[in-house]
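Engineer: The structure that follows is given in the form of structure tokens.
Just so it is clear, none of the values below were taken in a lab; they were calculated from the coordinates. Keep in mind it's a predicted model, so treat the numbers as computed, not measured. Note: ideal-geometry Cβ built from the backbone for every residue, glycine included; neighbour counts use all protein chains shown.
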Amino acid sequence: MIEYIKHLRAKVGHERLLYVGACVFIHKEGKLLLTKRVDNGCWCSAGGGMELGETAEQTAKRELLEETGLIANSLELLCVLSGKDLYYTYPNGDMVSNVSVVYLCEDFSGELVIQANETSELKWFSIYELPDNISPPDKPAFLRCVEVLRERKQREYSVAFSIKPVDAYRDFVDLQVAESWNGPFVVSKGNLHDTRTHNGFVAVNNGNTIGYIHYNITSNECEITVLESLHKKQGIGRALINTVIQKAKEAYCDRVWLITTNDNTEAIRFYQRFGFALRAVHIDSMDEARILKPQIPLTGNDEIPLKHEFEFELMIGEETL
């Protein structure tokens, strides 16, 4: 605790103080450097309270050096945050109303060094794969920083595309499916599907196929049998699914459903964000699937044993666009 705050605490005890500080987020190649606090076990940016006579930028640079060993060669001001959303009570009972000057740093030097008395770990996180346990007083600044970085990435890599029926692109899609799924056949819930016979759509950019989806309607249900986006984080998968949902509505289906496997953690997160609900987990079902399709490997993404099927469903009328 800085001497100025110690002096005030000696007079007011745990009462809420106006606490002015600065924080700095280190960003490199789509990743943020976060520090894990010793006092609450949560992740946060480098930052702390302003000393008397300091500028906010000086505070940010000092705290960054003290907590990480890095030197900020230049800083970008992101925002200034204040108000009741920044109220916080520390584990020792001290209450504060934070005013936080938030910086982004992409030009830095130095070697990472952990300040053991405050920080237990330093770790890089993708701006799309971030920890849940963000330190409460740091969360508003963290959310603002991630929002800005994701918007910039979206503008940098934005791909325009249109959705078209698969028919004119069938040869390319059949080859892509065979490469991605070890042949034209896929298995779901003990059924072997020939994707070459399924309806579908493609996402097209400048005449090039950058995503595709196959679906199969039986009775009052629509199953998505394959889905692949060749450009991530562009909304391609969401647009393809929404197109299939519209077809399911026209066919008076009650639900749209699909199967993914236990190793496909990226897909599991995506479908839940979209609005699909986990309907069932079919334990050890991949043993049966390999009888129908021996090409299915024993391990999948990240060397995870490929064992179970996750069934997701979206009831018609509950979908989000």
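Engineer: PRE reach from K84 (point 7 Å along Cα→Cβ): which of the stretch 120-150 fall under 20 Å by backbone N?
Structural biologist: The answer is 136-141, whose backbone nitrogens lie closer than 20 Å to the label point.
Engineer: So how do T265, T299, T195 line up by other beta-carbon neighbours within 10 Å, fewest first?
Structural biologist: The most exposed by this proxy come first: T299, T265, T195.
Engineer: Moving to a separate point now. From the P(r) of the chain, can you give the percent of Cα pairs sitting at distances over 24 Å?
Structural biologist: Counting pairs separated by more than 24 Å, the tail of P(r) holds 64 percent.
Engineer: Ratio of alpha-carbon Rg to the 2.2 N^0.38 Å globular estimate for the stretch 162-315, to two decimals, please.
Structural biologist: Scaled against compact globular proteins, the figure is 0.99.
Engineer: Within the stretch 162-315, count lysine pairs with alpha carbon atoms under 26 angstrom apart where the residues are 8 or more positions apart or belong to different chains.
Structural biologist: The result is 12.
Engineer: Explain nothing, just the number: relative contact order of the stretch 17-69, from Cα pairs under 8 Å at least 6 residues apart, as a whole percent.
Structural biologist: Over the stretch 17-69, the number comes to 37 percent.
Engineer: Let me ask something else. Just the ratio, please: alpha-carbon radius of gyration of the stretch 245-298 over 2.2 N^0.38 Å, N its number of residues.
Structural biologist: Rounded to two decimals, the normalised Rg is 1.40.
Engineer: Which of S45, S100, S74 moves the most in a Gaussian network model of the chain with Cα springs under 10 Å?
Structural biologist: Comparing S45, S100, S74 in the GNM, the peak value goes to S74.
Engineer: If each of N92 and E147 carries a label point 7 Å out from its Cα toward its Cβ, how far apart are those two points in nm?
Structural biologist: Modelled inter-label distance: 3.3 nm.
Engineer: Per residue of the chain, what 222 nm ellipticity follows from adding -39500 (n - 2.57) for every DSSP H run with n ≥ 4, rounded to the nearest 500?
Structural biologist: -8500 deg cm²/dmol
Engineer: Would you work out which of L122, Y4, L65 lies farthest towards the positive end of the dipole of the stretch 1-136? Charges go on Cβ: Lys and Arg +1, Asp and Glu -1.
Structural biologist: Sorting the options by dipole projection puts first Y4.
Engineer: Now a separate question. Can you report the principal axis dimensions of the stretch 3-157 using only the alpha carbons, biggest first, rounded to whole angstrom?
Structural biologist: 53, 30, 28
Engineer: Among V186, V80, V202, which one shows the biggest mean-square fluctuation in a GNM of the chain, springs joining Cα atoms closer than 10 Å?
Structural biologist: Greatest mean-square fluctuation among the candidates belongs to V80.
Engineer: Relative to the Cα centre, what is the charge dipole magnitude of the chain, using +1 at the beta carbon of each Lys and Arg, -1 at the beta carbon of each Asp and Glu, and rounding to the nearest 20 debye?
Structural biologist: That gives the chain a dipole magnitude of about 540 debye.
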